[in-house]
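Presented below is the structure to which this report refers.
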Amino acid sequence: MEKKSRSKGICGWFLALVLLALVVFGVVYMIKQKTSHGSSGPAPVPGPPGAVEKKYDEALKTAMQFFDVQKSGKLVDNKISWRGDSGLKDGSEENVDLSKGMYDAGDHMKFGFPMAFTATVLSWAILEYGDQMEAVDQLKPARESLKWITDYLIHAHPEENVLYIQVGDPEKDHKCWDRPESMTGKRPLTQVNTSSPGTEVAAETAAAMASASLVFKTSDPTYSSTLLKHAQQLFTFADKYRGSYSISIPEVQNYYNSTGYGDELLWAASWLYHATQDKSYFQYVTGENGKAFANWGSPTWFSWDNKLAGTQVLLSRLSFFGGKDTSSNSGLQMYRKTAEAVMCGLLPKSPTATKSRTRGGLIWVSDWNALQHPVASAFLAALYSDYMLTSQTAELSCDGHSFKPSDLRSFAKDQADYVLGKNPLKMSFLVGYGEKFPQYVHHRGASIPVDAKTGCTDGFKWLNSTDPNPNVAIGALVGGPFQNETFINSRNNSMQTEPSTYNSAVLVGLLSSLVTTSSAVQSFT
């Protein structure tokens with residue numbers, strides 16, 4: 001009897017242990033299931049910049065050099081061997097010094113609208129990821145390139161209600177093919193003023209100066225104050241004398257036609273609030289002007305023409321990190337909800353994801369300059385991912401499906417990797433990066449030998465030459481592939497092979513976000 005009782009006891013303990021093991025297994029399984037669906041709670045807050053990712057380090061250092069390629073004026077410490085001084089008399093006919101600034105693309109025009117956007121985005125990249133730029137020795141050159149543009153913008157704003165928005169006649173400029181160092185044609189100026197308003201270009205320039213004032217706030221307080229003063233004056237001018245520069249100056253419609261100025265007013269006011277903490281700017285974007293111009297609930301693409309998505313992400317910063325007096329504001333919450341809609345449209349597995357993508361996964365919006373929108377979108381996604389990480393926001397909900405910050409970062413990396421060569425063509429669209437990149441970039445200076453003696457028109461033989469460019473437009477991000485993943489590598493194919501300075505700005509922003517493992521977002525106000 002004793003033996004039988006003992007065996008029953010052992011059997012009972014064994015069953016209890018089996019049941020306990022099953023319970024533990026079930027709990028572990030449930031935890032894993034929750035983790036796999038992104039509901040395990042927020043990821044740890046990142047610390048300082050982490051390990052450097054080599055490919056993004058090399059790509060960032062390459063991309064940064066295109067700003068030097070595009071510089072006008074008296075070049076100091078020139079880093080591009082085939083570039084020299086140019087545009088030294090720009091502005092002289094009206095007694096303003098517009099020699100600095102940067103050429104827009106492969107031509108010799110200085111278009112103020114996209115140039116100011118370049119400065120705003122470059123400022124944003126520095127403010128958010130300056131510590132990561134510093135980790136790979138790119139913060140100093142980024143600030144220098146930014147200042148080269150803002151020096152120009154200061155001179156372009158000689159009076160409160162006057163802004164020079166263009167140097168050169170694009171019709172005449174595009175009838176020449178010569179090096180900027182040897183151009184001899186007249187360089188007429190175009191301005192907006194009270195009788196010929198240009199709200200979008202004045203507001204974008206205000207945004208550029210306000211954001212740059214934050215960049216230089218500590219290192220050069222006097223310069224920062226100067227920039228902020230210009231920003232405030234330009235915003236007042238833009239808002240008081242409302243009118244599209246595309247209507248005031250119809251000639252611009254063939255090059256940088258504006259589809260509206262409401263987005264630039266909100267963009268500029270958002271940057272001015274960050275730069276000044278003046279609540280009137282916050283009220284401007286969240287009140288009646290927000291209702292009129294923000295297009296809440298309707299996601300859009302971020303570009304030189306449309307700043308709404310950028311504004312929504314920038315203002316989401318206040319929602320994530322602002323005080324109670326701002327973060328609970330209903331208008332601000334609408335910006336964040338729309339920013340979330342933008343993010344959901346980008347994530348490939350989201351129910352609301354855009355289906356406009358190439359076979360290789362590149363976001364697709366336009367045949368002309370195809371890479372601008374996916375790179376700009378990836379930059380915004382990287383920013384939003386880091387906002388979520390730093391604020392311990394675990395999830396982003398897209399029509400009932402949850403996504404983590406790492407999903408946004410993965411999307412950003414996918415777009416960057418496509419640009420750098422992980423695509424069906426197995427070529428890099430960043431000139432100078434990788435083993436295979438475009439050799440026939442639509443760029444005058446790069447296409448003409450330094451020792452060539454050419455005038456306005458006889459230089460076209462270099463445009464039509466079948467030889468690769470004699471000079472490498474290092475760091476140029478070309479227009480990119482067609483939707484069917486084809487790329488015609490020809491100088492005459494400006495749709496695909498022409499680079500632009502503003503493309504470089506969004507690319508530098510994206511690469512700066514990826515150059516090290518995620519780091520904590522810091523306040524820049």
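The values are calculated or read from the model by the stated rules, or taken from the named source; none is laboratory data. On a predicted model such as this, the values are computed, not experimentally measured, just so you know. For neighbour counting, all protein chains shown are included, and Cβ atoms are generated from backbone atoms with ideal geometry for every residue, glycine included. Areas reflect the complete protein model, heavy atoms only, side chains present, ligands, DNA and RNA absent. Shrake-Rupley method; radii C 1.70, N 1.55, O 1.52, S 1.80 Å.
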query = When the range 411-430 is examined, which residues are found to be over 20 Å from L347 (Cβ atoms) and assigned to a loop (DSSP other than H, G, I, E, B)?
reply = L420, G421, P424, L425, K426, M427, S428, F429
query = Taking the range 152-166 on its own, how many of its residues are open to solvent by less than 10 Å² (accessible area, probe 1.4 Å), in contact with a His (Cβ under 9 Å, 6 or more places away or on another chain) and in a strand (DSSP E or B)?
reply = 1
query = Taking the range 288-340 as the search range and keeping residues that are farther than 25 Å from N369 by Cβ, assigned to a loop (DSSP other than H, G, I, E, B) and open to solvent by 50 Å² or more (accessible area, probe 1.4 Å), which one is modelled with the lowest pLDDT?
reply = S328
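Among the residues of the range 279-287, is there at least one that is in contact (Cβ under 8 Å) with a residue 60 or more places away in the chain and either out of contact with any Cys (no Cβ under 8 Å at 6 or more places or on another chain) or basic (K, R) (or both)?
Within the range 279-287 (the criterion being in contact (Cβ under 8 Å) with a residue 60 or more places away in the chain and either out of contact with any Cys (no Cβ under 8 Å at 6 or more places or on another chain) or basic (K, R) (or both)), the answer is no, since none of the residues qualifies.
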task = Find the residue count for the range 66-95, including only residues that are outside any loop (DSSP other than H, G, I, E, B) and open to solvent by less than 100 Å² (accessible area, probe 1.4 Å).
result = 9
message = I need every pair where a residue in the range 399-413 that is more than 16 Å from L510 (Cβ to Cβ) has its Cβ under 7 Å from the Cβ of a residue that is open to solvent by 30 Å² or more (accessible area, probe 1.4 Å) and modelled with pLDDT of 95 or more, sequence separation at least 6 or different chains.
response = D399/P351; D399/T352; H401/P351; S402/E395; F403/E395; K404/E395
task = Return a yes/no flag: does the range 368-385 have any residue that is crowded, with 23+ Cβ neighbours inside 10 Å, out of contact with any Asp or Glu (no Cβ under 8 Å at 6 or more places or on another chain), of a type outside the set (S, T, N, Q) and free of Cβ contacts under 8 Å to residues at least 60 places away in the same chain.
result = yes
message = Tell me whether the range 40-60 contains one or more residues that are modelled with pLDDT of 80 or more and touching a Gly at 6+ places or on another chain (Cβ under 6 Å).
response = no
ask   = Within the bounds of the range 455-463, is there any residue that is free of Cβ contacts under 8 Å to residues at least 60 places away in the same chain, of a type in the set (G, A, S) and in a loop (DSSP other than H, G, I, E, B)?
value = no
message = I want to confirm something. Restricting to the range 254-264 and keeping residues that are part of a helix (DSSP H, G or I) and open to solvent by 60 Å² or more (accessible area, probe 1.4 Å), which single residue is farthest from Q333 (Cα to Cα)?
response = N254
query = Which of the following residues is in contact with an Asp or Glu (Cβ under 7 Å, 6 or more places away or on another chain) and open to solvent by 20 Å² or more (accessible area, probe 1.4 Å): F482, F487, F460?
reply = F482
request  = Determine whether D137 is surrounded by fewer than 21 Cβ atoms within 10 Å (Cβ to Cβ) and not in a helix (DSSP H, G or I).
outcome  = yes
message = Name the single residue that is farthest from F111 (Cα to Cα) among those in the range 239-253 being in contact with a Pro (Cβ under 8 Å, 6 or more places away or on another chain) and in a helix (DSSP H, G or I).
response = S248
All positions within the range 224-239 that are over 18 Å from L146 (Cβ atoms) and surrounded by fewer than 19 Cβ atoms within 10 Å (Cβ to Cβ) = Q233, T236, D239
ask   = In the range 51-84, which residue that is among the β-branched types (V, I, T) and more than 20 Å from the chain's Cα centre (by Cα) is farthest from A119 (Cα to Cα)?
value = V52
ask   = Can you find a residue in the range 445-452 that is more than 15 Å from Q65 (Cα to Cα) and either in contact with a strand residue (DSSP E or B) (Cβ under 9 Å, 6 or more places away or on another chain) or open to solvent by 40 Å² or more (accessible area, probe 1.4 Å) (or both)?
value = yes
task = Go through the range 463-475 and count every residue that is in contact with a helix residue (DSSP H, G or I) (Cβ under 8 Å, 6 or more places away or on another chain) and either among the polar types (S, T, N, Q) or open to solvent by 30 Å² or more (accessible area, probe 1.4 Å) (or both).
result = 6
task = Could you check how many residues of the range 108-117 are more than 16 Å from T205 (Cα to Cα) and either crowded, with 23+ Cβ neighbours inside 10 Å or out of contact with any Gly (no Cβ under 9 Å at 6 or more places or on another chain) (or both)?
result = 1
request  = Report, by residue number, each residue of the range 404-440 that is of a type in the set (S, T, N, Q), open to solvent by less than 50 Å² (accessible area, probe 1.4 Å) and more than 20 Å from the chain's Cα centre (by Cα).
outcome  = N423
task = Quick one: W267 ticks every box in (1) open to solvent by 10 Å² or more (accessible area, probe 1.4 Å); (2) in contact (Cβ under 8 Å) with a residue 12 or more places away in the chain; (3) part of a helix (DSSP H, G or I) except a single one, so which number is it?
result = (1)
request  = Would you check which residues across the range 179-220 are open to solvent by 30 Å² or more (accessible area, probe 1.4 Å), outside any loop (DSSP other than H, G, I, E, B) and out of contact with any Gly (no Cβ under 9 Å at 6 or more places or on another chain) and list them?
outcome  = none
